[in-house]
Amino acid sequence: MSGEDPIALGLPHREPFVFVDALVARTAGESAECVKIFPAATPFFAGHFPGSPIVPGVILAEALAQTAGLAVGQPGRSFRLSSIKAMKFPAAALPDEEIHFFAKRVATVGGLWQFEVRAVSGERLVAEGAVVLSEA
């Protein structure tokens, strides 16, 4: 996995709440692609379906919001997740898989930024929907 460090690029989150490992591509103000591997030793796997662990949907949604925040690409400005719209999880994301997160801006109104988002693991779509970010 290669790419730029999301924190160095302005992601305001810190461990243990950083759910993207690297920024793979970005067109500032328009779109971003990030990547993450959730190691099998990640503590939430112990309780999220023991014996058959999957990445929680809420974690995937947050990783997508973090990707959208990096897509905004405006250093010195802080954005927060304001809305999750029609999020679906058609397949499970598993431990130790490389998951790609995509965010594409579809609308901006005032301080609100709406993104279409999706997460893919291998050939499987594991999440899709829309998120809205607002300037903090």
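What follows is calculated from the coordinates using simple rules that are stated; it is not laboratory data. Given the structure is predicted, the values throughout are model-derived calculations rather than measurements. Cβ atoms come from the backbone with ideal geometry, glycine included; neighbour counts cover every protein chain shown.
Rounded to the nearest 20 Debye, what is the dipole magnitude of the chain about its Cα centre when Lys and Arg each give +1 and Asp and Glu each give -1 at the C-beta?
Value, rounded to 20: 440 debye.
With a 10 Å radius around each residue's Cβ, average the other Cβ atoms per peptide and rank 116-126, 41-51, highest first.
So the order, starting with the most tightly packed, is 116-126, 41-51.
Within the range 97-136, whose backbone N sits under 13 Å from a point 7 Å along Cα→Cβ of Gln74?
Zone members listed by number: 108-114, 133-136.
Once label points are set 7 Å from the Cα along Cα→Cβ at both Ile84 and Phe44, what is their separation, rounded to one decimal in nm?
Once both label points are built, they end up 0.9 nm from each other.
Roughly speaking, what is the stretch gain from Ile7 to Glu30, that is 0.36 nm per residue apart minus the C-alpha to C-alpha distance, in nm to one decimal?
So the extension gain works out to 6.4 nm.
Show me the three semi-axes of the equivalent ellipsoid for the chain, from the C-alpha gyration tensor (sqrt of 5 times each eigenvalue), largest first, rounded to whole Å.
Whole-Å semi-axes of the equivalent ellipsoid: 24, 16, 13.
Sorting Leu112, Leu94 on the 10 Å Cβ count, fewest up front, what's the list?
Neighbour counts put them in this order, fewest first: Leu112, Leu94.
Projected onto the charge dipole of the range 1-76 (+1 at Lys/Arg Cβ, -1 at Asp/Glu Cβ, origin at the Cα centre), which of Thr42, Val18, Ala63 gives the Cα projection farthest towards the positive end?
Most positive-ward Cα: Thr42.
Could you name the aspartates and glutamates whose alpha carbon sits less than 16 Å from that of Lys104, not counting residues in the same chain fewer than 8 places away?
Result set, ordered by chain and number: Glu30, Glu33, Glu62, Glu116, Glu128.
How do Arg105, Arg14 line up, fewest other C-beta atoms within 10 Å first?
By the 10 Å Cβ count, ascending, the order reads Arg14, Arg105.
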